[in-house]
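Read-outs: derived from the displayed coordinates by stated rules, not from any lab. Worth saying up front: this structure is predicted, and the values here are computed from it rather than measured. Cβ placement follows ideal geometry from the backbone for every residue including glycine, while neighbour counts extend to all protein chains displayed.
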Amino acid sequence: MARFGRKGQGAMEYLMTYSWAILVVMLVGIVMWQMGLFSMGSGTLTSTGFGKIKPQLAATKLSTDGFFLATFSNGAGTTAIVDLINVTDTQKSNNNNCVNKSVQTILPGENFQATCKLDGYPGKQGDVYIAQVTIGYNITIGGQVSTHKDTGTIRGQLEAV
């Protein structure tokens, strides 16, 4: 007949003997996590996506009051008529959305500034934002007008006003 109590007793003795060490390691880990030692360094401004209209990251920012300012470059190879800029930060809320419908004519290779204001933006300086940006534009090639939308993501830290 096998005795079942020996393994359970060994486990209990282990916990009773080393539980203080396990607790200390857990507390040190929690303190280090709260201090931000495991942070992946979110200070880098990056972008993904975007087809022909590309952001110039050095001239792009989202401030703590929700003001989005970005410089984009026309890489379409022809004149583009930009008629829509839509910015959404789903990191904070799905309702943080702004639309700028002012029309701008941009020659090939030229830069243009896009602005947009996210009303009631709940961010503070240093918070990470992830902005979904959609740029609507028209180009004319061979007398034919075609409508396009370039969509991408810009990620960075909120800046002071």
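For the stretch 54-91, backbone nitrogen atoms closer than 15 Å to the point 7 Å from Gln125 Cα along Cα-to-C-beta are found at 62-66. Amide H to amide H distances under 5 Å link Lys54 with Ser73, Gly75, where only residues 5 or more positions off or on other chains count and H is placed in the peptide plane. Distance from the Cα centroid of the stretch 70-137 to that of the stretch 21-63 is 22 Å (rounded to whole angstrom). Placing unit charges on the Cβ atoms only, positive for Lys and Arg and negative for Asp and Glu, gives the chain a dipole magnitude near 600 debye about its Cα centre. Here the Karplus curve 6.51 cos²θ - 1.76 cosθ + 1.60, taken at θ = phi - 60°, turns the phi angles of the stretch 105-115 into couplings of 9, 10, 6, x, x, 7, 9, 9, 9, 10, 10 Hz, with x standing for Gly and Pro.
Shape analysis of the chain yields a ratio of the Cα radius of gyration to the Kirkwood radius, Rg/Rh, of 1.35.
Return the single residue from Ala131, Ala80, Ala11 with maximal mean-square fluctuation; model: Gaussian network over the chain, springs between Cα atoms under 10 Å. Judging by the Gaussian network model, the answer is Ala11. Against the chain, whose longest principal axis is taken from its Cα atoms, helix 5-34 shows a tilt of about 40°. With the Kirkwood sum run over all distinct C-alpha pairs, the stretch 26-71 has a hydrodynamic radius of 13.7 Å. Per-residue 3J(HN,Hα) values for the stretch 145-161, derived from phi via the Karplus relation 6.51 cos²θ - 1.76 cosθ + 1.60 with θ = phi - 60°, read 8, 10, 9, 9, 9, 9, 10, x, 10, 10, 10, x, 9, 5, 10, 5, 5 Hz in sequence order (x marks Gly and Pro). Applying the Kirkwood pairwise sum to the alpha-carbon positions of the stretch 88-161 produces a hydrodynamic radius of 14.5 angstrom.
Could you give me the ³J(HN,Hα) list for the stretch 73-80, computed from phi with Karplus coefficients 6.51, -1.76, 1.60 and θ = phi - 60°, whole Hz, x at Gly and Pro? Couplings: 10, 7, x, 6, x, 8, 5, 10 Hz.
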